[in-house]
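Just below is one structure, and these are the notes that go with it.
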Amino acid sequence: MTALHQILLNRLHSGERLTFAEVMTQALYHPEQGYYGPGPRRIGRSGDFYTSVSVGPLYGRLLATLAQQTFEKLGQPSDFCVVEQAAHDGQLAEDVLSSCDFDYVIVEPNPRYEAVQKVKLAAFGHRVSWVSRLADLPARPALFLCNELPDAMPVHLVRWDGSTWQELWVKADDHGRLQFDPGPVSTDELSAEVARLPLDLPVGYTTEIGLASLNWLRELALAPFHGEIFIADYGLDHEELYSTERHTGTIRRYRDHKTDDHVLEDLGECDLTTHVNFTRLMEVGEAAGLKQQLYSHQGRYLGKLGLPWLATLEGQPPDTATQALLRQYHSLTHPAFMGRSFRVLLMAKEKTP
């Protein structure tokens, strides 16, 4: 039993039930016992999972190219900057900063993460600054970046019983084991999202509703900056997400590069993640005033973004460093690796009056 499991039991033994969103919030972000709360996790070969950032510095170099394109699209404003949320240990920021001359603003609410980022990015001096909330961002033209952020936001779980959708609450059995307990939907906001779900699904069909990610995007739309928003994550369209084959949903736990659906076990010691519902994210973004520019598989988008770099290699025998970058390019773009499972969403954010 993990320390976080015991913390939850102290609440559940009193007869209280918790939504899975509450459990997931604690499992990931409890300040001391959550997976991410105490500080940045090790990512890559020696961690629990890979990200595009952990593949190598080419990803940041390609996003620096996107920053340059955005800068030119906005008319080359002198106060242009790059903004990143969910910067983790600062590796992506370092990779982008090493490939461009723009200022960089990091949205970081956790002081422990900010401390790690400041050490890593110290060489860039005054070019880097921090804010703790989206609302505190400067009113400047910018490219906003987030890599694998919505998938780590808490979700509610709901199950179709053949006539209605029920929320899956979490309770403890007589032996202290956590288990799901179907019941009424917890909030009106959740009920409104449940009403959008299809009904022609098999009994027992389970899926996730990410209220947190939708509210985050609404908050992002109100932030003071203007320019473009780049969201990269693994996710699905509406039709893919609600196929009958995906009857247990997409919620999974990751540990030592192994994944399963035992999401109530080893809480605080495993990453919990879900596929992003990109269809709903785009709908909410449009309703909040954001303009969709592009939605694509990561491989197709980064492949195109990297064409100018590839052109510089023509006719030159690749050295060791270039060969390493080409391997990174392959990992980021090939459908068998990250090219198809990850999606890219670009949205334009207009300047507010």
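The values are calculated or read from the model by the stated rules, or taken from the named source; none is laboratory data. Everything numeric here is computed off the predicted structure, so don't read it as measured data. With ideal geometry, Cβ positions are generated from the backbone for all residues, glycine too; neighbour counts draw on all protein chains shown. Calculation scope for accessible area: heavy atoms of the full protein, side chains included, ligands and nucleic acids excluded. Shrake-Rupley method; radii C 1.70, N 1.55, O 1.52, S 1.80 Å.
Annotations for the structure displayed:
- Residue in the range 53-71 that is at positive phi, out of contact with any helix residue (DSSP H, G or I) (no Cβ under 8 Å at 6 or more places or on another chain) and either surrounded by fewer than 19 Cβ atoms within 10 Å (Cβ to Cβ) or of a type in the set (S, T, N, Q) (or both) present: no
- Subset of the range 110-137 that is of a type in the set (A, V, I, L, M, F, W, C) and in a helix (DSSP H, G or I) - its residue that is nearest to residue 85 (Cα to Cα): 134
- Residue within the range 134-156 that is open to solvent by less than 20 Å² (accessible area, probe 1.4 Å), within 22 Å of residue 21 (Cβ to Cβ) and of a type in the set (Gly, Ala, Ser) present: yes
- Per-region count, the range 117-130, residues under 17 Å from residue 88 (Cβ atoms) and either crowded, with 18+ Cβ neighbours inside 10 Å or touching a helix residue (DSSP H, G or I) at 6+ places or on another chain (Cβ under 7 Å) (or both): 6
- Near pairs, Cβ below 6 angstrom, 6+ apart or cross-chain, from the range 263-291 (on the phi < 0 side of the Ramachandran plot and of a type in the set (Asp, Glu)) to any residue that is part of a loop (DSSP other than H, G, I, E, B) and open to solvent by 10 Å² or more (accessible area, probe 1.4 Å): 269/2; 271/48
- Scanning the range 152-174 for residues being within 25 Å of residue 202 (Cβ to Cβ) and in a loop (DSSP other than H, G, I, E, B) gives a total of 5.
- Boolean, residue 85 is modelled with pLDDT of 95 or more, touching a strand residue (DSSP E or B) at 6+ places or on another chain (Cβ under 6 Å) and under 21 Å from residue 302 (Cα atoms): yes
- Taking the criterion of being more than 15 Å from residue 288 (Cβ to Cβ) and open to solvent by 20 Å² or more (accessible area, probe 1.4 Å), the residues of the range 213-248 that qualify are 234, 237, 238, 239, 240, 242, 243, 244, 245, 246, 247, 248.
- Consider the range 175-207 and keep the residues that are of a type in the set (S, T, N, Q) and part of a loop (DSSP other than H, G, I, E, B). The one that is surrounded by the fewest Cβ atoms within 10 Å (Cβ to Cβ) is 187.
Conditions (1) out of contact with any Cys (no Cβ under 9 Å at 6 or more places or on another chain); (2) under 30 Å from residue 88 (Cα atoms); (3) modelled with pLDDT of 95 or more, marked per residue:
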| site | (1), (2), (3) |
| --- | --- |
| 150 | yes, yes, yes |
| 154 | yes, yes, yes |
| 191 | yes, no, yes |
| 208 | yes, yes, yes |
| 218 | yes, yes, yes |
| 245 | yes, no, no |
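- Verdict on residue 266 being under 18 Å from the mean Cα position of the chain (by Cα), surrounded by 16 or more Cβ atoms within 10 Å (Cβ to Cβ) and of a type in the set (Asp, Glu): no
- Check on residue 303, closer than 22 Å to residue 64 by Cα, in a helix (DSSP H, G or I), at pLDDT 95 or above and touching a helix residue (DSSP H, G or I) at 6+ places or on another chain (Cβ under 7 Å): yes
Okay, residues lined up against (1) assigned to a loop (DSSP other than H, G, I, E, B); (2) under 30 Å from residue 294 (Cβ atoms); (3) polar (S, T, N, Q):
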{"position": "16", "(1), (2), (3)": "yes, no, no"}
{"position": "23", "(1), (2), (3)": "no, no, no"}
{"position": "54", "(1), (2), (3)": "no, yes, yes"}
{"position": "62", "(1), (2), (3)": "no, yes, no"}
